[in-house]
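Read the figures in this text as sums done on the coordinates, not as results from a lab. Everything numeric here is computed off the predicted structure, so don't read it as measured data. Don't worry about glycine lacking a Cβ; one is built from the backbone with ideal geometry, like all the others, and counts go over all protein chains shown.
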Amino acid sequence: MLNKLKHHWNVGSRREFFTRAGSGLAGLALADMMAAAAPVDPLAAKTPHHKPTAKSVIFLFMEGGPSQVDTFDPKPLLQKLDGKPLPPSIAKPKQTSRGTADNTLMAPKRQWKQYGKSGMWVSDWYQNMAEHMDDVAVIRSCWADGINHVGSVCQMNTGSILAGRPSLGAWVNYGLGSANKNLPSFVVMTDDRDPLGGTNNWSGGFLPAVYQGTQFRRGDTPILDLHPPSTISDEQQRNQLGLLKGLNEIWSKDKQDDSELDARIRSWELAYQMQSSASEAVELTKESAATKAMYGLDDPATQVFGANCLMARRLVERGVRFIELYCGSGSGWDAHEHIEANHTKWCRASDKPIAGLLADLKQRGLLQDTLVVWGGEFGRTPFNELTDGRDHNPWGFTMWMAGGGVKGGQYIGTTDEVGLRAVERPVHVHDIHASILWSLGLDHLKTTFQHNGRAERPTVLAGQVVKELFA
């Protein structure tokens, strides 16, 4: 047999025969390894730049612009100057969203109280959430670049007032990958209409499309078409997915830059995995009656946002990294007139659910690993508009953070004596984003992506971590 093989391969010695045979086996092994090698998974977990203080983020987005001087930034001088023009010591903004700032100052009608060992001030619009102020760091000196809603909502999500850049959640996906292969790593939920700017607010922008957010729907079926028809077996479904994947991979061989197709293929795979795990994750009926009541699911006024907050806690438990919950989605907080009626509605809708979320996370030991962020795209002016409303205010507004390594019971920054402009320790949107990324272990200066020959980063060309936030 050996002689026949030597003759077939035209070799003259036993040594040469075994050399060639060994090389052939090595080649076969290499070919098998290359054939079996899976493509690089863009959502594979990645090593952070430094030790994180948080594993997940829940961003509570009060869309439309909540008034800081009516919620977390009391200004006694406003009471004294009610109905009077801005003091000469405070420069008027050149322009507001509706024109010049020539209207008179308007005093809040709220009652204020100090809470917790830290004695932090909160109005009666947020008296449930206020019970957790010792865990909360309030940033009173936020500022942004946009005046109108679409650009400002876009900036709070993407860092720019112009659409097209990746959202913060997409950057988190890109920088850290997924911590759960059976659920999306970046989830968005609304409570009313679609946010202004729509899907641009959770887009992947110029990042590969696989990093974009996944919107969960309102109601009893947050994930559409989660289960296949009863007539389709698991084997049939896997065969269908395999065929689609193979056909798409053949078609995309000369289209390496088409990330939309790759994202679609991976979304099908994720959808298949979600059939078993996602149903359980979004099944709120498994929660106790006491837990549902804590989030306000027994009250029509708080039911929708409360359900989203409870869903967020369940997703955090299952490793979802970034969750954005819109309250008043579609610019609900925009109170150019009748601010009392407007903010009463939305504060009531969000107060108890937020308090329930903070309490539930804490009692389950999850708050220390979950960064909770509250705020809108901007605040509102201390002067009136349309008699009993307030205009947009990007010059000085309030956001707060809790959990995820945040040092609670403290204020960072201040606005002027009537709450119009940030005057001490101004914190820009880029600084907010840099701080959120830092809590997750990402350095915003090192989180880069080459686009059009330039190393782009989440905070564009600015941003500093607000180090005072963290213990």
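Restricting the calculation to Cα atoms, every distinct pair contributes to the Kirkwood radius of segment 119-172, found to be 13.6 Å. By the count of neighbouring beta-carbon atoms within 10 Å, fewest first, Glu280, Glu324 end up ordered Glu280, Glu324. Computed from label points 7 Å out along Cα-Cβ, the spacing between Gln464 and Asp298 is 4.9 nm.
Taking 0.36 nm per residue of separation and subtracting the current Cα-Cα distance, fully stretching the chain between His50 and Leu162 would add 37.2 nm. Per-peptide packing, taken as the mean over residues of other Cβ atoms within 10 Å, places 398-410, 164-176, 441-453 in the sequence 164-176, 398-410, 441-453 from highest down.
Of the cross-linked pairs Lys113/Lys407; Lys75/Lys407; Lys181/Lys362; Lys51/Lys362; Lys46/Lys352, those separated by over 28 Å at the C-alpha level are Lys46/Lys352. In this simple spin-label approximation, Gln450 and Ala179 carry label points 7 Å from Cα along the Cα→Cβ vector, and these lie 3.1 nm apart.
The spacing between segment 163-210 and segment 395-456, judged by their C-alpha centroids, is 19 Å. Computed from label points 7 Å out along Cα-Cβ, the spacing between Arg98 and Glu337 is 0.8 nm.
Extension gain, Lys407-Thr285: 0.36 nm per intervening residue step, less the Cα-Cα distance, totals 40.5 nm. Taking a Cβ cut-off of under 11 Å around His149, the surrounding Lys, Arg, Asp and Glu residues balance to a net charge of -3, with basic ones at +1 and acidic ones at -1. Put in line by how crowded their Cβ is, counting other Cβ atoms within 10 Å and starting with the fewest, Phe72, Phe216, Phe397, Phe322 read Phe216, Phe322, Phe72, Phe397.
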